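A quick write-up on the structure given underneath.
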Amino acid sequence: MFFAKFDLCSGLLLFLFSAFVLPAFFGEGSLANTPIEFELRKMPFQLENGVTPAKNIPETMLGGVGIFDYNGDGRPDIFFTNGANVATLKKDSPKFRNRLFRNDGNGVFTDVTDNAGLSGSGYDIGVAIGDYDNDGHPDLFVAGVHHSTLYHNNGDGTFTDVTLRSGLDAALNRPDPEFGAWWSITAIWVDVNSDGLLDLFVVDYLQWNYYGERRCEFDQVGDYCHPKFFKGQPNQLFLNNGDGTFRNVSKEWGLRDHIGKGMGVGMADYDLDGRPDLFVTNDASYNFLLHNLGNKFEEVAFEAGVALSEDGSFISGMGLDFRDFNNDGYPDVVFAALVGQTFPMFQDSGKGVFREVTTENGMREASLPMSGYGVGLYDFDNDGWKDLFVSGGHVQSVSLPGQPIDQYNAVFRNPGRQGKWMALTEKAGFTASPAARHRGCAFGDLDGDGRIDVVVSAIDRGAEIWMNHSQMTGHWLDIALHGTKSNRDGIGARIKVVTKGGVQYNHMTTSVGYASSSDGPVHFGLGPDPRVEEIEIHWPSGVVQTLRGVAADRRIEVTESASKA
């Protein structure tokens, strides 16, 4: 999360690179006529971090965003987490409220926070969306500094705080004898033991408290301290009992043995053994790849080649996406980092190991002068290849040579099997809003036109909605899953789509970006094909379901079949 200190020469080189080379990636190169284009719409929400002269670390870490249909009307709604008074960790002013905006259609969003009961009470960082009780209504877990909250969706437009009732309060909101008060950055809903119930995996960061905060300087400028000055915390796993309660199995599943400084988490079955695995980015430390054995996790990042980037040094791993970007059927990993560190891309070989392709596919050159927080692999132009969105912004609060704190968002267009990924900012429309310290980002088709839109938060700035107005280079299909034996959301289901133009893969997960969550149908861009020849769904239960001859340019609802086929 924090930059390594550069010498003056390195800083000047990066400054020159940013000033003179980076504009070439703002649409002046071979992709100047890119069909990927977004239009800005502002939201009446500002991310308030409760900044203090001492520069307390939580002030630069918040900003999770959620997109989900909370009221079942078919339109994706937007949820923002927000900060608090950093000294008390309490929302002692209305400006610190979390916010829920109902999507009324036609680009209109209405603030329904108070009626929904989601204003919150603590210093909130991240959000995870999932229907943990399989009642058809998406619930919210909000991760925060020394306090996290589970909200149950009542199905009538309101939510109830069930943290105490669920058993999570004792585990998350009280100090641990070994690791102190928990600072949770984000979480993910995933059925780790394949019992049809969503379990909760929580990503924890640093052992921090307000009164023990030290003051740090970089090049004689006071700013946020590097994480090396703090002890880390292990991640936690809570198994779903099926009665509205959870039990802490972190020790039994081997998680307390691995101390990290977690920033992001993604889920995918990388070895296709039928069990969901987890990738965790750590701040200036080794990443974790947690291989699911069915009753515990084994940490295999070094064996799989993803513990460090190709430079072999610690980098500030931020948000990530764990998704197949080269259409070979195996989920890959990409995550954001800071200026001078690149945005690493690890390609799954299908043999239990990953190969970093950041340099060879052009991402190293394109991302070197950038800092980012949230990422998302989505096909924004519906050409059949997933592109990469990154919310831009540095962790620091004061710019140094070559390291501007305020940055633009960017989209990297996937060149398919030829060419290299290139960053598009100006041509994609992102300079319509001033550069900022962007944080969380969430994804969904907000207006139902078949194009994926993006919502981004920014510290001390208004939230941004980026409506996707890209030229429609291809057809599309959205697949909404409804589990029966599997969890109701179908989280963990792998989907193969076959058209005349080729084969592509995706899977259902709500964890994407930084501290953010996107709950919606699984999106496929289909290129020129107006019809899908075959859809093959591998449900978490083991059921394999096949659909044939499906017309494109629409959303389809698929309910899990009763038996394996």
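Full-extension gain between residue 426 and residue 252, please, as 0.36 nm times their residue separation minus the C-alpha to C-alpha distance.
Working: separation 174, 0.36 × 174 = 62.64 nm, distance 4.96 nm.
Full extension of this stretch gives 57.7 nm more.
The helix-based estimate of mean residue ellipticity at 222 nm for the chain, built from -39,500 (n - 2.57) per DSSP H run of four or more residues and divided by its residue count, is -1000 deg cm²/dmol to the nearest 500. Each semi-axis of the equivalent ellipsoid for the chain is √(5λ) with λ an eigenvalue of the Cα gyration tensor; in descending order they amount to 31, 29, 23 Å.
Can you give the accessible area per residue of the chain, in Å², using a 1.4 Å probe?
On the way: 19350 Å² over 565 residues.
Here the per-residue accessible area is 34 Å².
Expressed as a whole percent, the accessible surface of the range 418-527 that belongs to carbon and sulfur atoms is 45, based on a 1.4 Å probe.
How would you classify the range 102-221 from its alpha-carbon gyration tensor, with a ≥ b ≥ c the square roots of the eigenvalues: rounded for a/c under 1.5, else prolate if a/b is greater than b/c, otherwise oblate?
Details: a/c = 2.15, a/b = 1.41, b/c = 1.52.
Oblate, since a/c reaches 1.5 and b/c is not below a/b.
Approximating the spin labels as points 7 Å out from Cα along Cα→Cβ, the residue 302-to-residue 46 distance works out to 4.9 nm. Assign one of three labels to the range 499-558, namely rounded, prolate or oblate, based on the Cα gyration tensor with a ≥ b ≥ c the square roots of its eigenvalues; rounded applies when a/c is under 1.5, prolate when it is not and a/b is larger than b/c, and oblate otherwise. It comes out oblate by the Cα gyration axes. Taking a ≥ b ≥ c as the square roots of the eigenvalues of the Cα gyration tensor of the range 259-400, is the shape rounded (a/c under 1.5), prolate (a/b larger than b/c) or oblate? It is oblate, given that a/c is not under 1.5 and a/b is not larger than b/c. Within the accessible area of the range 183-296, the carbon and sulfur atoms contribute 43%, probe 1.4 Å, all protein chains present.
Using the per-residue mean of other Cβ atoms lying within 10 Å as a proxy for protection, in what order, highest first, do the peptides 442-452, 263-273 fall? Before the final figure, lay out each step's value.
Working: 442-452: 22.2, 263-273: 23.9.
Put in order of decreasing packing, that is 263-273, 442-452.
Between residue 553 and residue 88, the FRET efficiency from the beta-carbon distance, with R0 = 45 Å, is close to 0.30.
Reported to the nearest whole Å, the Cα centre-to-centre distance from the range 54-118 to the range 191-257 is 22.
At a 1.4 Å probe radius, carbon and sulfur cover how many percent of the accessible area of the range 63-132? Could you put the intermediate results ahead of the total?
Numbers: 960 of 2220 Å².
It is 43 percent, rounded to a whole number.
For the range 348-365, 3J(HN,Hα) computed residue by residue from phi via the Karplus equation (6.51, -1.76, 1.60; θ = phi - 60°) reads 6, 7, x, 10, x, 10, 10, 10, 6, 10, 4, 6, 5, 9, x, 5, 4, 5 Hz, glycine and proline entered as x.
In terms of Cα atoms, the Rg and Dmax of the range 341-416 work out to 14.0, 44 Å. Applying Stokes-Einstein at 37 °C and 0.692 mPa s to the Kirkwood radius of the range 119-181, computed over alpha-carbon pairs, gives a translational diffusion coefficient of 266 µm² s⁻¹.
Jot down the per residue volume, in cubic angstrom and as a whole number, of the convex hull over the alpha-carbon atoms of the range 153-215.
Values: hull volume 9.3 nm³, N = 63.
Measuring per residue, one finds 148 Å³ for the Cα hull of the range 153-215.
For the range 454-565, taking Cα atoms only, Rg and Dmax work out to 15.9, 53 Å respectively. Cα-based radius of gyration for the range 253-313, normalised by 2.2 N^0.38 Å, reads 1.08. Place a point 7 Å from Cα of residue 484 in the direction of its Cβ. Which residues in the range 62-97 have their backbone N less than 14 Å from it? In the range 62-97, the label zone of residue 484 (backbone N under 14 Å from the point 7 Å along Cα→Cβ) covers no residue. Since only 132, 527, 393 are under comparison, the one whose Cα sits farthest along the positive direction of the charge dipole of the chain, derived from C-beta charges on Lys, Arg, Asp and Glu, is 393. A Förster radius of 41 Å, combined with the Cβ-Cβ distance separating residue 418 from residue 104, puts the computed FRET efficiency at roughly 0.45. Counted residue by residue at 0.36 nm each, then reduced by the alpha carbon distance between them, the extension gain from residue 531 to residue 351 reaches 61.6 nm.
From the P(r) of the range 190-262, could you give the percentage of C-alpha pairs in the tail past 17 Å? Could the numbers behind the result be given before it?
Numbers: 1500 of 2628 pairs.
Value for the range 190-262 (Cα pairs over 17 Å): 57 percent.
The values are calculated or read from the model by the stated rules, or taken from the named source; none is laboratory data. Please read these numbers as outputs of a predicted model, since none were measured by experiment. All Cβ positions, glycine included, derive from the backbone under ideal geometry; neighbour counts span all protein chains shown. Side chains are part of the model used for accessible areas, which takes the heavy atoms of the whole protein and leaves out ligands, DNA and RNA. Shrake-Rupley method; radii C 1.70, N 1.55, O 1.52, S 1.80 Å.
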